[in-house]
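First up is the structure itself, then whatever we jot down about it.
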Amino acid sequence: MGTAMLKTKKIFEDRFEDVLTTAKESELRCLNGKRWGGNAVLIVVDAALDSIGLKYFQIVVPRVKRFYHDFVETGEISSFNAFSTLSAEDARLRRIMNNRRVWHAAIGISRVLNNLKETRDFGTDFDALRYWAEHANHEEWEKDEIGKVHGVGLITFQYLRMQAGVDTSMPDKIIKRVVERELGVHANDDLRFIEEMERLSKEIGYSQILICWAIWLRESDTDKGKGEWEGL
């Protein structure tokens with residue numbers, strides 16, 4: 001590793017020292033398929049809620065938990081197939097988050113992934129999600145069936161892939177601002193930014209997922225995100 005790379009790695013470790021342990025735990029949950037206990041429906045709900053720019057730890061996480069208690073814990077929604085039958089106008093969904101776009105996105109993603117599951121005869125919803133995430137191409141995200149779902153943009157597309165265990169990044173405004181300011185990553189557009197994040201990851205020896213989580217955790221005004229989703 002060259003001098004410049006070592007310097008960048010040290011800057012990253014120094015700036016994010018207080019959240020690296022928690023970021024590593026989050027990284028492992030993603031890579032091991034254990035986000036939200038490995039429940040693919042909750043991962044999709046998380047991504048859909050996050051798509052409208054809500055504060056993650058303060059707003060998204062509590063609402064995913066509420067969805068879990070209202071729909072999953074009761075046994076009503078145990079699969080993409082079951083979730084696909086709901087409407088974005090469902091009053092119970094709108095009580096969790098009164099935003100039609102969120103639920104259009106979540107239900108639409110579930111329909112695409114349920115069709116993939118049935119077509120390829122996957123054993124679980126998460127198997128279908130992981131397969132999609134591994135084979136999706138962010139450079140052609142708008143042509144992807146999930147990319148075509150109303151409410152899904154490149155950021156949501158990439159975030160969903162990350163939560164399914166693919167080591168990539170998302171051009172989220174917080175991540176872009178921090179890596180440019182502190183690590184010197186510059187990009188003219190979002191697709192180039194994803195390429196630059198891959199380069200940075202290789203340069204400093206930390207996964208893109210870990211880098212993103214470290215930034216989210218440090219920039220959040222919660223207590224470093226401790227216990228943010230484990231209380232299901």
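Screening the candidates 174, 146, 211 for the property of being modelled with pLDDT under 95 and either assigned to a helix (DSSP H, G or I) or more than 24 Å from residue 19 (Cβ to Cβ) (or both) yields one hit, 174. Residues in the stretch 3-13 that are within 18 Å of residue 216 (Cβ to Cβ) and without any contact (Cβ under 8 Å) to a residue 24 or more places away in the chain: 13 alone. Against the list (1) in a helix (DSSP H, G or I); (2) at pLDDT 95 or above; (3) of a type outside the set (Phe, Trp, Tyr), the condition residue 58 fails is (2).
Scanning the stretch 100-123 for residues that are touching a His at 6+ places or on another chain (Cβ under 8 Å) and aliphatic (A, V, I, L, M) yields a count of 1. Each residue in the stretch 1-19 was checked for being in a helix (DSSP H, G or I) and surrounded by fewer than 18 Cβ atoms within 10 Å (Cβ to Cβ), and 13 pass. Across the stretch 151-171, a minimum of one residue is classified as without any contact (Cβ under 8 Å) to a residue 24 or more places away in the chain and assigned to a loop (DSSP other than H, G, I, E, B).
Kindly indicate whether residue 140 is out of contact with any helix residue (DSSP H, G or I) (no Cβ under 6 Å at 6 or more places or on another chain), farther than 22 Å from residue 108 by Cβ and at pLDDT 95 or above. Let's see the steps before the verdict.
Details: out of contact with any helix residue (DSSP H, G or I) (no Cβ under 6 Å at 6 or more places or on another chain): yes; farther than 22 Å from residue 108 by Cβ: no; at pLDDT 95 or above: yes.
No; evaluated as a whole, the condition is false for this residue.
Quick check on residue 29: is it under 22 Å from the mean Cα position of the chain (by Cα), outside any loop (DSSP other than H, G, I, E, B), assigned by TED's automatic domain parsing to the domain that holds residue 110 and at pLDDT 95 or above? In short, no.
Here's the yes/no breakdown for (1) within 23 Å of residue 194 (Cβ to Cβ); (2) of a type in the set (S, T, N, Q); (3) in contact (Cβ under 8 Å) with a residue 60 or more places away in the chain; (4) touching a Phe, Trp or Tyr at 6+ places or on another chain (Cβ under 6 Å):
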residue	(1), (2), (3), (4)
60	yes, no, no, no
70	no, no, no, no
91	no, no, no, no
100	no, no, no, no
124	no, yes, yes, no
143	yes, no, no, no
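Can you spot a residue in the stretch 91-108 that is closer than 29 Å to residue 218 by Cβ, under 20 Å from the mean Cα position of the chain (by Cα) and either in the same structural domain as residue 171 (by TED's automatic domain parsing) or of a type in the set (Gly, Ala, Ser) (or both)? Break it down into steps so the answer makes sense when it comes.
Our first condition is that a residue be closer than 29 Å to residue 218 by Cβ; within the stretch 91-108, this holds for 96-97, 99, 101-102, 105-106.
Of the ones still in play, those that are also under 20 Å from the mean Cα position of the chain (by Cα) are 96-97, 99, 101-102, 105-106.
Checking which are either in the same structural domain as residue 171 (by TED's automatic domain parsing) or of a type in the set (Gly, Ala, Ser) (or both) leaves us with 105-106.
Yes: the stretch 91-108 contains one or more residues that are closer than 29 Å to residue 218 by Cβ, under 20 Å from the mean Cα position of the chain (by Cα) and either in the same structural domain as residue 171 (by TED's automatic domain parsing) or of a type in the set (Gly, Ala, Ser) (or both).
Across the stretch 67-125, the qualifying residues are those that are part of a loop (DSSP other than H, G, I, E, B) and of a type in the set (Asp, Glu), and the one among them that is nearest to residue 39 (Cα to Cα) is 73.
The values are calculated or read from the model by the stated rules, or taken from the named source; none is laboratory data. Note that the coordinates shown come from a computational prediction; the quantities given were computed from them, not determined experimentally. A quick note on method: Cβ atoms are made from the backbone with ideal geometry, for glycine too, and the neighbour counts reach across all protein chains shown.
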